[in-house]
Amino acid sequence: MWSSTRTSVSCFWGQGQVRSRSSNADFPGIKERTLVAVKPDGVQRRLIGEIIKRFEQRGFRLVGLKMLQAPEKLLAQHYVSLQKKPFYPSLLHYMTSGPVVAMVWEGHNVVRSSRMLVGDTDPAGAAPGTIRGDLSVHISRNVVHASDSVQGAEKEISLWFQSAELIDWEGCDHNNIYHL
């Protein structure tokens, strides 16, 4: 049975018994968050579920999710470091060519782990078993974005989400994963 409030969700065990949340002191970085975005080619190829599945199987918690047609202004802020690159105009054209699914994932070392799950930017160099290694066909159509640092993740999350859109919740399996 689940009980939800505006921004938090608690797991109930049995008839009205709430299991108390335990301390995360043993696992610093447990509340680390990262932005992952399924790009237009991933959405058009119906890969959203597969990508979510891989993050959930890794034990990460989805705390924010939305599908949107990304405005060029948002993308210009997101890709500000690439504005001088020759491929920038085609990147903007591609990223506005269809919907994007933006997600915020939370967990222990989620930024570094997400980069490993996603794989190399160039699918030709991405290892089998990674999202890009398994699902991407070309560097310009590499299915997914993942933040490259904790600081980058914080900046990107604030661009794509308002704080009220992020849900602080703890799954029933939390103690099994983080407290042995």
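Every number in this text was worked out from the coordinates using simple rules, so none of it is lab data. All of these numbers come straight from a predicted model, not from anything done at the bench. As a convention, Cβ positions derive from the backbone with ideal geometry for all residues, glycine included, and neighbour counts pool all protein chains shown.
At a glance:
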item: Euclidean distance between Cα centres, region 69-128 to region 133-157, Å; result: 4
item: 27 Å Cα-Cα threshold exceeded, pairs from Lys73/Lys155; Lys31/Lys155; Lys31/Lys73; Lys85/Lys155; Lys53/Lys85; result: Lys31/Lys73; Lys53/Lys85
item: Pair Tyr94, Leu74: separation of 7 Å Cα→Cβ label points (nm); result: 1.9
